[in-house]
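The values are calculated or read from the model by the stated rules, or taken from the named source; none is laboratory data. Just so it is clear, the structure is predicted and the values come from calculations on it, not from any experiment. We place every Cβ from the backbone using ideal geometry, glycine too, and count neighbours over all the protein chains shown.
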Amino acid sequence: MTSVKHRDFGKFTTLVALTDEATALNILPHFESFKVMTGKVGSMDLSKVIASVETAAKRGGIINEDVYRETHSLYHAILEALQGVTRGDLSVGEIMRTVGLRFSIVRGNPYDLKAEGEWIAVCFYGTIGAPIRGKEHEALGLGINHI
């Protein structure tokens with residue numbers, strides 16, 4: 001059996017969300033050929049968070065909106081990342097929470113073996129808490145899915 005090396009895909013995506021693409025590439029330069037998109041979103045409505053990331057990915061050329069499996073893969077990566085931010089309870093406004101998040105989306109093949117294909121990762125970093133300034137705390141979530 002062939003050993004497949006994973007190349008820190010989640011770490012790179014998280015570094016982009018925490019800092020910026022240039023800083024992340026200085027630390028992990030082997031991700032230079034990957035597609036990267038960043039943005040910010042704040043809301044008490046998770047559907048707006050999801051829509052913001054999907055729109056950024058489509059406008060930024062990360063995914064082709066005409067190919068269902070690409071949109072589907074992105075959607076699952078977003079949901080997985082939101083699980084981390086919301087601590088498993090995918091709700092915010094309904095329970096009087098709000099989020100203010102930076103996000104990164106990264107697409108590429110994180111494996112040495114080309115046959116592993118492309119993957120997509122989404123990372124959120126920011127705050128979640130009561131909708132009162134100063135009543136929130138930091139949160140981080142990462143989701144990775146195959147395309």
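Miscellaneous remarks
- Residue match in the stretch 24-42 (condition: of a type in the set (Lys, Arg), at pLDDT 95 or above and farther than 20 Å from Gly10 by Cα): no
- Test: residue in the stretch 98-117 that is acidic (Asp, Glu) and touching a residue at least 24 places away in the same chain (Cβ under 8 Å): yes
- Leu15 vs. criteria over 14 Å from the mean Cα position of the chain (by Cα), closer than 18 Å to Leu142 by Cα and buried (at least 16 other Cβ atoms within 10 Å of the Cβ): no
- Pairs are defined by a Cβ separation below 7 Å, a sequence spacing of at least 6 or placement on different chains, a first member in the stretch 37-55 that is small (Gly, Ala, Ser), and a second member that is crowded, with 16+ Cβ neighbours inside 10 Å and assigned to a helix (DSSP H, G or I); the pairs so defined are Gly39/Ser52; Gly39/Ala56; Ser43/Val49.
- Inside the stretch 101-147, residues that are under 15 Å from Ile78 (Cβ atoms) and of a type in the set (Lys, Arg) make up a count of 2.
- Odd one out for Asn64 among (1) in contact (Cβ under 8 Å) with a residue 12 or more places away in the chain; (2) under 18 Å from Val36 (Cβ atoms); (3) assigned to a loop (DSSP other than H, G, I, E, B): (1)
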